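See below for the structure under consideration.
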Amino acid sequence: MKDQARVVIIGGGIFGVNIAYHLAKMGWTDLVLLEKGEIASGESSHAAGLVTQFATSQTLMQFRKYSIELYSELGLFDHVGSLRLASSKEQLRELQRSVSRAKAIGMAVEIISPEEALRIMPQLSPKDLYGAIYIPRDGHLDPYTTTTSMARMVREMGCEVHTCTRVTGIKLSPKGEVTEW
Ligand SMILES: Cc1cc2nc3c(=O)[nH]c(=O)nc-3n(C[C@H](O)[C@H](O)[C@H](O)COP(=O)(O)OP(=O)(O)OC[C@H]3O[C@@H](n4cnc5c(N)ncnc54)[C@H](O)[C@@H]3O)c2cc1C
């Protein structure tokens, strides 16, 4: 293992491998990722893998939209679509407001009637169903496969990925730069 690098990432979960992937794509391949166990052995192996673009802030929606399109390009995503239900008139109004924000950033999303929601998902109860929003490009991925695939791509781009390597401390210079790990 090299003893100096421009970037050291601690943790081989979905966050660590994503940061490494994006830095490597920018050309920052002098990068080491350290994982104390195996890749995706933390919380990322427990996730259900449901991914939505929906959020209350436009910034978060943009992040999520980008992530879904990236996973899709990498062949890791299944666009099964999602429904978000309104069980009161107030909730429906709130969803309508969010849909305007989502459409403003180019998200494919629509408000649908209770009948349309029941057609998409017949298991729903029609009781107190006022409508729903339907996001066709939301969906599902396998968290383990996604995390390990991205770690493999990071290696293929020339970065070092070390498993079974626990970081036990970080030493800083007086200026706050990382000098040892
Ligand atoms: C039951 C469950 C269901 C979920 N379902 C969803 C879902 O459907 N959709 C969704 O978007 N999110 C879901 N989540 C949330 C999602 O799993 C987490 O947001 C995500 O996995 C966090 O990733 P992470 O990389 O931050 O953490 P982790 O995957 O935990 O990665 C951190 C890594 O750091 C390593 N590490 C820690 N300390 C050190 C050290 N000192 N040295 C070296 N390595 C170290 C750990 O071993 C670990 O592998 C779910 C979570 C759970 C628990």
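Results, tabulated for the structure shown:
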quantity	calculated
Residue in region 47-60 that is modelled with pLDDT of 95 or more, surrounded by 14 or more Cβ atoms within 10 Å (Cβ to Cβ) and not in a loop (DSSP other than H, G, I, E, B) present	yes
Filter result (farther than 14 Å from D30 by Cβ, among the aliphatic types (A, V, I, L, M) and surrounded by 21 or more Cβ atoms within 10 Å (Cβ to Cβ)) within region 143-163	M150, A151
Search result, residues across region 40-87 that are more than 12 Å from the ligand (Cβ to nearest atom) and at positive phi	G75, G81
Pair list, Cβ < 8 Å and 6+ apart or interchain, from region 26-53 residues that are more than 11 Å from T147 (Cβ to Cβ) to residues that are within 11 Å of the ligand (Cβ to nearest atom) and modelled with pLDDT under 95	L34/W181
Test set (1) touching a residue at least 12 places away in the same chain (Cβ under 8 Å); (2) surrounded by fewer than 17 Cβ atoms within 10 Å (Cβ to Cβ) - R97 fails condition number	(1)
Filtered residues of region 1-31 (kept if closer than 18 Å to R166 by Cβ, buried (at least 18 other Cβ atoms within 10 Å of the Cβ) and of a type in the set (A, V, I, L, M))	A5, I9, V17, A20
Residue tally, condition surrounded by fewer than 12 Cβ atoms within 10 Å (Cβ to Cβ) and among the acidic types (D, E), over region 114-128	2
Lone unmet requirement of (1) under 30 Å from R152 (Cα atoms); (2) touching a helix residue (DSSP H, G or I) at 6+ places or on another chain (Cβ under 9 Å); (3) within 15 Å of the ligand (Cβ to nearest atom) for T29	(3)
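The values are calculated or read from the model by the stated rules, or taken from the named source; none is laboratory data. These numbers were taken from a predicted model, which means no experiment stands behind them. Backbone-built Cβ (ideal geometry, glycine too); neighbour counts: all protein chains shown.
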